[in-house]
Amino acid sequence: MRITGIAAGGDGVGRLADGRAVFVPRTVPGDEVSLRRDIEIHRHFARAEVDAIVTAGPHRVTPPCPHFTADRCGGCQLQQLSYDGQLDAKRALVGDALRRIGKLDVPDPEIVEAAAALRYRTKISLAVIGGNGRPRAVGLHPYHRPSKVFPLGDCLITDSRLMTLWRDLEAWLDLLPARLTRLVLRLDREGRRHIIAESPGEPWLNAHALRAQFGDAPSIICWWRPVDGAARVVAGPATGFPATAFEQVNPEMGMVARRWAVEQLGVAPGRLVWDLYGGIGDTAALLAVRGAEVVSVDADEKAIAWARTRGVAGARFIAARAEDVLPTLPDPDAIVLNPPRGGLHWNVTLRLRERPTARLVYISCDPATLARDLERLSVTYRLAGVRAFDLFPQTAHVETVAVLEGEGRGA
C-alpha cells in the first residue's frame, strides 16, 4: 500500500483495496509499505501497523530519538519525517480542516517554521507506574499501549535544563510522595526549575530533603498537587509563578505567533480590546504596548493573579469563564481569542455572532475546532487571513492564527 498523506494525529494515510482509508502510524507520504495481518477494520476506515517498508518515501529520515523507535514513544508522531516534510504536512492539515470542516475556499496556509526543531519544550509531564507505594517506572507512554509506561532516559524535544534535572532526580525517586501518580517538570522565565508531584493522600512531607540533594537548590521549587486538587509550593521560594497554569511549552514561538496576531488587529491607542482566554497576560502586554485598553479574561485564578503582578498599564484582568462574563463587558473595538483545544463555548460564539466587532484574531492549537468555530462565525465574519506556526516540531500539533473581519464593520 502507498501512503499518500498525513492525517490529524500524525498517522500516515493510504487506501485498502476496497477504497477504505487506513491509518498507519510512523509512515510518511510516498512510503510503500506492507501491513501486518491484524488490520483493525471499522465501518468507514481501518487502522494498521507496518510490517515492512518496501520503498521509503522521499522525505523519510532516521528518527533522532532512541525512544521513538525502541520504545515506540507516543510523545512525538513525526520524527520519521524530514522537517520540510513536517511543515508541508502541517500546512495540509490546517488547509484540509478549513476546507472540509470550515467550508472555506482557501489554500493551505503559509507556515512559520520553528526556531529550533529540538530542545524547545519548557515542560514535560511524566507518567508513573507504582509498586509498594513507590514509583517503579517514571517515563512516557508507548503510542500503541497507552496504559504502559517506559522509563525515560532523555526527551530530545525537551529543554536540556529540564533533562538535566530529570537525570539528577532519578537517583532520588524514593524522596517523592508515596503513591505518586504524575510528575511534571517545568522551566520558568527566570530559569528556575519546578518539580510538581501529584499524589493522593498525605502531602509531600520530605520535599525539603529532595531539594537539598541538588547543587543548585535555590533554583529548584517543589510543588505538591493532590489528585484533582490545587497545587502548592512545599519546598523552595513561593515566587508567585503559577507553575500549574497554562503557558505555551514553546515560549519563543508562542511569542512569535502572538506578535503576528496582535499586528493583524491594527489597534490604535485608546481602543478597547478583549483578550479572551488570556492566561498569564502575554497578549495583554503586547496590546498595552500599542496603547490599547485591554480587558483580559481567563478562568484560571492563578494565571490571572500572576498577570496582575506584571504591572501592565491599561489592562484589567478578570478571573472568570469567558461565557459568564461577556454580558458584563463594554463592547470592544477588537478581540483576541486563544481558547483551549476544545474551542469556543457556544455562548461565546453566539455573542460574537450577534454583535460582531471590526477585527478579531483567533489563535488556535487545534485545526478542527478552529475550522468548526470559523464556520459558525461565518454568519457575521469573513476570513481575512490565516497563518500557521510550528510551535511543536516532531509532533503532529500545529498552531494557527486566523484573522476575521466583522461583516459591514471594515478593517
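Just so it is clear, none of the values below were taken in a lab; they were calculated from the coordinates. Computed from a predicted model, the values in this text were never measured in an experiment. Heads up, the Cβs are rebuilt from the backbone with ideal geometry, glycines too, and the neighbour counts pull from every protein chain shown.
Using a cutoff of 8 angstrom between alpha carbon atoms and counting only pairs six or more residues apart, the relative contact order for segment 290-411 works out to 21 percent. One chain, two ends: R36 and S125. Fully extended at 0.36 nm per residue, the span grows by 28.8 nm beyond their Cα-Cα distance. For segment 372-411 and segment 229-306, what is the separation of their Cα centres, given in Å? Taking the Cα centre of each part, segment 372-411 and segment 229-306 sit 19 Å apart. From most to least packed by mean Cβ count within 10 Å, the peptides 218-227, 52-61 give 218-227, 52-61. Every pair of different Cα atoms in segment 248-406 enters the Kirkwood calculation, which places the hydrodynamic radius at 15.5 Å. Of the beta bridges in segment 187-303, as assigned by DSSP with both residues counted there, near 25 percent are antiparallel. For the peptides 316-326, 16-26, the ranking by packing is 316-326, 16-26, with the highest mean count of neighbouring Cβ atoms within 10 Å listed first. Evaluated over the chain, the count of Lys pairs having alpha-carbon atoms less than 29 Å apart is 5 (only pairs 8 or more residues apart or interchain).
What fraction of the DSSP beta bridges in segment 1-119 is antiparallel, stated in percent and rounded to the nearest 5? Here the share of antiparallel DSSP bridges comes out near 80 percent. The peptide list 250-256, 99-105, put in order of mean Cβ contacts within 10 Å with the highest first, becomes 250-256, 99-105. The calculated FRET efficiency for D84 paired with S160, based on their beta-carbon distance and R0 = 30 Å, is about 0.75.
For the chain, DSSP calls about 60 percent of its internal beta bridges antiparallel.
Using only the C-alpha atoms, the convex hull of segment 67-186 corresponds to 135 Å³ per residue.
A Förster radius of 56 Å, combined with the Cβ-Cβ distance separating S147 from L350, puts the computed FRET efficiency at roughly 0.90. The mean sequence distance of close C-alpha pairs (under 8 Å, at least 6 residues apart), as a share of the length of segment 240-297, puts its relative contact order at 35 percent. Subtract the Cα-Cα distance of D18 and A212 from 0.36 nm times their separation in residues, and report this length gain in nm to one decimal. So the chain would gain 63.6 nm between D18 and A212.
For the chain, the relative contact order works out to 13 percent when only alpha carbon pairs closer than 8 Å and six or more residues apart are counted.
In a solvent-free Debye calculation with one equal scatterer on each Cα, what is log10 I(q)/I(0) for segment 1-60 at q = 0.12 Å⁻¹, listed in the order of the q values? Treating every Cα as an identical point scatterer, log10 I(q)/I(0) equals -0.23.
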